[in-house]
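> Can you read through this structure? Questions will come right after.
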Amino acid sequence: MNTRAHGGRTADGHSLQATPPVLRQKERKGRMRLQTMTPTGFARYWQYRDLVFNLVVKDLKVRYQGAALGFLWSLGNPLALIVLYDFVFTHVFRNNMPNYVLYLVIGVLHYNLFSMTVTQSCESLTGSAGLLQKIYFPRILIPTASLLFNLVLWVVAIMVLAVLYPFLGGEYHWGLLLYPLALGFYIAFIWGLVLALSVLNVEYRDLKHFVEIAMMFLFWLTPIVYDPTTMHPDAQAIINANPLTQFFDIFHALLYQGTLPVWHTLAIAMAWTVASLVVGMALFRRKARTLVEEL
């Protein structure tokens with residue numbers, strides 16, 4: 001009897017079982033073991049931590065290569081702004097706020113983190129086109145590394161504030177323990193914008209210039225150099241529509257006024273954070289599929 005297989009059957013029409021049950025069971029176990037070994041969730045990104053670290057270090061070296069003061073130049077821009085605005089709003093346009101320099105420092109430092117990170121994020125993907133086209137890794141790590149780079153620079157400035165805090169009129173209180181939580185929401189809010197702008201700038205290359213202009217307007221629409229409660233109600237309504245206002249009210253309450261922020265301000269800030277993350281992640285996931293082809 002001819003037992004050659006034709007389409008899974010022998011020549012006489014009887015079924016031929018190509019793979020014995022024992023082998024099929026071993027194959028299933030092997031596939032399950034492989035799926036278990038493949039990193040998922042946060043572990044998928046954590047395995048590329050060395051890449052992110054090297055990206056941040058590379059940007060730091062490129063930025064301050066050959067500079068005599070090196071890393072200390074990260075303090076140059078915020079210190080210059082603080083001195084300028086302190087002179088203008090203390091001696092030219094008189095401001096009667098107590099400990100005005102502390103109020104100003106808190107606003108300028110936190111806005112500087114937002115402005116630098118969001119502006120630079122626009123070119124994070126386009127500036128890394130060569131790397132993205134050569135090797136595969138989760139694309140989200142590029143804008144995330146851009147955020148971490150600016151965060152490293154900003155930490156130096158905030159450490160200086162921590163040293164000078166009591167000399168500027170700040171008072172230590174238990175509410176300061178909430179500051180890391182508020183800062184975490186603020187950074188998450190920025191990260192959502194970073195993800196959205198980084199992928200949108202790949203398709204719309206003029207976006208960076210619009211963002212730079214928007215940063216100038218946002219500075220004056222954010223309570224940094226003035227107290228919004230002293231302004232006209234119509235102006236207050238415009239300022240309160242700015243998402244940054246909620247975060248800065250929290251920072252000023254904790255660091256300047258020495259009180260706890262009101263609950264509705266916290267709720268609005270959290271809502272803006274969630275909205276930023278949802279929109280940013282959705283846009284990035286949708287655009288990341290064709291990212292390399294558009295670079």
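> Quickly rank 182-195, 250-263 as a protection proxy: mean count of other C-beta atoms within 10 Å, highest first.
Ranking the peptides 182-195, 250-263 by packing returns 182-195, 250-263.
> What is the Cα coordinate range of segment 163-253 on the first, second and third principal axes, sorted by size from largest, in whole angstrom?
Sorted largest first, the three principal extents are 48, 32, 21 Å.
> Starting from the Cα-Cα distance between Val88 and Ala162, subtract it from 0.36 nm times their residue separation and give me the gain in nm to one decimal.
Working: separation 74, 0.36 × 74 = 26.64 nm, distance 2.46 nm.
Stretched out fully, the Val88 to Ala162 stretch lengthens by 24.2 nm.
> With the full set of protein chains in place, find how many percent of the accessible area of segment 109-179 is carbon and sulfur; take the probe as 1.4 Å. Don't skip to the answer; put the middle values down first.
Numbers: 2230 of 3130 Å².
Carbon-and-sulfur percentage of accessible area, whole number: 71.
> Which order do peptides 240-246, 130-136, 170-176, 265-271 fall in by mean Cβ count within 10 Å, highest first?
Ranking, from highest mean packing down: 240-246, 265-271, 170-176, 130-136.
> Another question, then. How long is the gain from Lys208 to Trp263 if the chain were fully straight, where each residue apart is worth 0.36 nm and the alpha carbon distance is subtracted?
Details: separation 55, 0.36 × 55 = 19.80 nm, distance 3.49 nm.
Value of the extension gain: 16.3 nm.
The values are calculated or read from the model by the stated rules, or taken from the named source; none is laboratory data. These numbers come from a predicted model, not from an experiment. Cβ coordinates were reconstructed from backbone atoms using ideal geometry, including for glycine residues, and neighbour counts include every protein chain displayed. Accessible surface areas use protein heavy atoms only, side chains included; no ligands, DNA or RNA. Shrake-Rupley method; radii C 1.70, N 1.55, O 1.52, S 1.80 Å.
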